[in-house]
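Only the coordinates and a few stated rules stand behind these numbers; no lab work does. No experiment lies behind these values; they were computed from the predicted model shown. Every residue, glycine as well, gets a Cβ built from its backbone with ideal geometry; the counts of neighbours run over all protein chains shown.
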Amino acid sequence: GDDLLARMYQDAYFQKDWNLGVEKGSYEEVVARRLGGEYGKVFRLLERFSPRPKGTLLEIGAAGGGFLHQARERGWEVEGLEFSSWGVEYAKAHYGITLRQGDLIHASLPDQAYDAVFMGDVFEHLTDPRRSLQRVHRVLKEEGLLVLLVPTYLASGTFQLIRFSAPLLRAIGVPRDFLAMIKMEPPTSGHAPPYHVFEYSPRTLARMLEKSGFHVELVRGTLPVPDLLREAAPRESAGEALRRSGTRAAYRTIQWSTENLNCPLVRSLVAARKTGPGAERSGKRAFVHSGRTS
């Protein structure tokens, strides 16, 4: 419920736990790096499929407003919704962006007001995803676009394969921080944010979108390289450096196949267009394809 969400997503979550150590540095530094990576892909999708490429954009789960700042620099009219007081204050102080504070279900948002809605690493945290999609459907203009960044790892065959291979990964010395990140070891910090309420596969996500009045335009794999593989740890030995390099090489192979072949889809970038009210009743399946975005 709302009380649980308030406890889970206190200000400390957005200051240190929100990316689970995948990227290091301050929030602003992480946002700047993402602009050349995943955020660049998101903008290309928005500007390719949105009915008005530089129209009105709502980000749900806007954190500190960094993505919206970049969107505004590109010419979008931006608004944001954020649960934490830290995010609202940060966006105002650093970017001059006023975010609405609250959750999607209860927030006061105008109907049919936005050309596009973006949720980045947010959908898996929502306690009522169907109702949330209905709310997004309502605030989008006709033919408006919803773009999602969603982890699809735990619901994938890749996760089961890695679980089967976990003893071997430990035996060859794959870094423990990396094993914790891929859910093969307990978290090194003693707790396990981010708190995913539901886990999705691309298929279940597409079905839910279709039933909520959306047509899935595209599903693409996306997989950033975590900083713990890119950067040396303090006082790293030669053996540890060698194991990290080997793990990074294997990870980059998975990254390439994810982003170029859509296999395995362990993290998905999804674009879905709002359709008419009859879409939910029609039972027609959306066509999911892998058209390149870069």
Original post:
Let a ≥ b ≥ c be the square roots of the eigenvalues of the Cα gyration tensor of segment 51-114; is it rounded (a/c under 1.5), or, if not, prolate (a/b larger than b/c) or oblate?
Top reply: oblate
Original post:
Gap in Å between the Cα centre of segment 108-175 and the Cα centre of segment 201-264?
Top reply: 14 Å
Subject >> Cross-link pairs Lys41/Lys274; Lys41/Lys211; Lys54/Lys141 - those with Cα-Cα distance over 18 Å >> reply: Lys41/Lys274; Lys41/Lys211
Original post:
Using 0.36 nm per residue, how much length does the chain from Asp128 to Glu73 gain when fully extended, once their Cα-Cα distance is taken away?
Top reply: 16.5 nm
**OP:** For an R0 of 30 angstrom, estimate the FRET efficiency from the Cβ-Cβ distance between Ala93 and Ala233 and round to the nearest 0.05.
**Re:** 0.35
**OP:** Once you have the Cα-Cα distance between Ile254 and Asp111, take 0.36 nm times their residue separation minus that, and quote the gain in nm to one decimal.
**Re:** 47.4 nm
